[in-house]
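> Sharing a structure with you now.
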Amino acid sequence: MNFNLTEEQQMLQDSAARFVGQDYSFERRQRDVQNDIGFDPELWRQFADLGWLSVPFAEENGGFGGDATDLFVLMEQLGKGLVATPYLPSILLFGRCLEAGANPALKAELLERLIAGELQGALAYMERQSRHELFDLETKGHRDGDEFVISGEKALVMNALAADMFVVSVRTSGTATDKNGVSLLLVDADAPGIELNSIQLMDGQKVANVTFRDVRVSADRLIGLENQGAAILEEVVEKAIPAICSEALGLMTHLTNTTIEYSKTRKQFGVAIGSFQVLQHRMVDMFTACEETRSLLYRVLCSAGEDDLQEHKKDLHALKVITGLRGKRVGNESIQLHGGMGITDELDVGHYVKRLMVLHSVFGDADYHQQQLARMSLPQ
């Protein structure tokens, strides 16, 4: 498999690595997550100036025209730096929903502002009862003339506190878990009837449960076609999975490198613990876990451009399984080898592990994707 980066991708990787190494310390990250919205708005403007917000969007929409590999090199570096930004919810979820289904005038207006860093968005798709199922929806959206009226609650909406707009998945027909009958609506965050309940996750990032009480939305804010929004939602999530796994790989790589360096300086019985063969084996296991994840990630990036969609979906499920399992191994070993200080707030190790745990559950954990992979692999 030839996986050499292009000149543009290498420049993007170098730019992101330089930013993480020079401008984004762990102390800055800790300050950022204490912000009321969970990140530093000045940092977001810097991302816009660097052109990173344009990466996943097509050139005709004002974007860079990047592919899954471009996102891989960027997200891996952001993972290595544990950078707190709304890149996933605002760009990869909200922005891609707009690009895939908004009407041309709306898309041109909002994507321009999004790429310039002037607009924040969020995708409200999860519900309390749905677990990891995208189409298990109890939030209703019924027609009333030329408007939709939304009633229901969305759980753990990423970037909800900063969002100017939401893309909300609602059921406009069918029964609870039908794929048909799902619609996507663009809703202003300050619309009457919206209520937010803020929650801070274990990794410090802020989300919110969002309640919609008879919120009225004009029918021209429909993303895609009525009752046919499931295809857009599924496509956007599938494209986001390699990106969050790339971030997880960056986290795992940092934990592995940090643990190896720590083993060279931490002494026990008068010698560095890195000289103990049993601990060397455990660190080799950590390195191997990273490389297994990287290899499967390369496979997914390559299969993304192929015609066999079923095979690509299998690769996505397998990637989420391996990233979850290997991430857990790396996280556990890094804390074990650092000892009790590995879980203190003063050391970055515990914070990286907590971020890994959050990413493990986004879009379904390893158990869920293993079940989906088994289902797809069974003879029909």
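> Just to verify a result, which residue in segment 211-223, among those that are in a strand (DSSP E or B) and surrounded by fewer than 19 Cβ atoms within 10 Å (Cβ to Cβ), is nearest to the chain's Cα centre (by Cα)?
It comes out as Thr211.
> Does any residue of segment 316-333 turn out to be of a type outside the set (Asp, Glu), closer than 20 Å to Glu235 by Cα and open to solvent by 20 Å² or more (accessible area, probe 1.4 Å)?
Yes, the conditions are met somewhere in segment 316-333.
> Out of Leu119, Leu92, Leu111, I need the residue that is within 15 Å of the chain's Cα centre (by Cα) and under 30 Å from Ala219 (Cβ atoms). Which one?
After applying the criteria, what remains is Leu92.
> To continue, here is another question. Residues of segment 48-84 being among the acidic types (Asp, Glu) and either over 21 Å from Leu119 (Cβ atoms) or in contact with a Pro (Cβ under 9 Å, 6 or more places away or on another chain) (or both), which ones?
Asp67, Asp70, Glu76
> Pick from Met357, Met341, Met286: which is in a helix (DSSP H, G or I) and modelled with pLDDT under 90?
Met341
> Let me ask something else. If we scan segment 336-347, do we find a residue that is more than 21 Å from Leu92 (Cα to Cα), open to solvent by 20 Å² or more (accessible area, probe 1.4 Å) and among the β-branched types (Val, Ile, Thr)?
Yes: one or more hits.
> Okay, next question. Kindly provide the set of residues from segment 224-251 that are of a type in the set (S, T, N, Q) and part of a helix (DSSP H, G or I), ordered by number.
Ser246
> Quick check, is His369 in a helix (DSSP H, G or I), within 19 Å of Arg131 (Cβ to Cβ) and either out of contact with any Lys or Arg (no Cβ under 7 Å at 6 or more places or on another chain) or modelled with pLDDT of 95 or more (or both)?
yes
> Looking at Ala160, Ala208 in this structure, which one is more than 18 Å from Cys97 (Cβ to Cβ), open to solvent by less than 10 Å² (accessible area, probe 1.4 Å), among the aliphatic types (A, V, I, L, M) and in contact with a strand residue (DSSP E or B) (Cβ under 9 Å, 6 or more places away or on another chain)?
Just one listed residue meets the conditions, Ala208.
> If a residue must be within 26 Å of the chain's Cα centre (by Cα) and touching a residue at least 40 places away in the same chain (Cβ under 8 Å), how many such residues does segment 130-149 contain?
The number of residues fulfilling the criteria is 8.
> Pairs please, first residue from segment 1-29 and within 16 Å of Ala68 (Cβ to Cβ), second anywhere and open to solvent by 100 Å² or more (accessible area, probe 1.4 Å), Cβ atoms under 8 Å, 6+ apart in sequence or on different chains.
Listed by first residue and then by second, the contacts come to Met1/Arg299.
> Further, regarding this structure: Look at Ala289 and say whether it is under 30 Å from Met165 (Cβ atoms), surrounded by 17 or more Cβ atoms within 10 Å (Cβ to Cβ) and touching a Lys or Arg at 6+ places or on another chain (Cβ under 7 Å).
no
> When residues of segment 155-172 are filtered for being in contact with a Phe, Trp or Tyr (Cβ under 8 Å, 6 or more places away or on another chain) and over 14 Å from Leu93 (Cβ atoms), how many remain?
2
> Among the residues of segment 307-330, is any more than 23 Å from the chain's Cα centre (by Cα) and either β-branched (Val, Ile, Thr) or at pLDDT below 95 (or both)?
yes
> Considering Leu43, Leu82, Leu74, Leu78, which residue is touching a residue at least 24 places away in the same chain (Cβ under 8 Å), on the phi > 0 side of the Ramachandran plot, open to solvent by less than 20 Å² (accessible area, probe 1.4 Å) and in contact with a helix residue (DSSP H, G or I) (Cβ under 8 Å, 6 or more places away or on another chain)?
Only one candidate passes the filter, namely Leu82.
> Among the residues of segment 165-187, which ones are touching a strand residue (DSSP E or B) at 6+ places or on another chain (Cβ under 9 Å), open to solvent by 10 Å² or more (accessible area, probe 1.4 Å) and farther than 15 Å from Val217 by Cβ?
Ser173, Gly174, Asp178, Asn180
> Go through segment 95-183 and tell me which strands (runs of 3 or more DSSP E), entirely inside it, have 2 or more residues that are hydrophobic (A, V, I, L, M, F, W, C).
Filter on segment 95-183 gives 121-124, 147-158, 165-171.
> Is there any pair linking a residue in segment 337-357 that is in contact (Cβ under 8 Å) with a residue 40 or more places away in the chain and more than 23 Å from Ala272 (Cβ to Cβ) to one that is assigned to a helix (DSSP H, G or I) and among the aromatic types (Phe, Trp, Tyr), with Cβ under 9 Å and at least six apart or on different chains, and which?
Close Cβ pairs satisfying both conditions: His351/Phe26.
> Looking at the structure I just gave you, is Ile241 within 25 Å of Thr323 (Cβ to Cβ), touching a residue at least 12 places away in the same chain (Cβ under 8 Å) and touching a Phe, Trp or Tyr at 6+ places or on another chain (Cβ under 7 Å)?
Here the answer is yes, as Ile241 does meet what is asked.
> Still on this structure: Residue under question is Gln22, and the condition is that it be surrounded by fewer than 22 Cβ atoms within 10 Å (Cβ to Cβ), touching an Asp or Glu at 6+ places or on another chain (Cβ under 9 Å), part of a helix (DSSP H, G or I) and not hydrophobic (A, V, I, L, M, F, W, C); does it hold?
no
The values are calculated or read from the model by the stated rules, or taken from the named source; none is laboratory data. Here the structure is a predicted model, which means the values were calculated and not measured. We place every Cβ from the backbone using ideal geometry, glycine too, and count neighbours over all the protein chains shown. Protein only, heavy atoms only, side chains kept; ligands, DNA and RNA dropped before computing areas. Shrake-Rupley method; radii C 1.70, N 1.55, O 1.52, S 1.80 Å.
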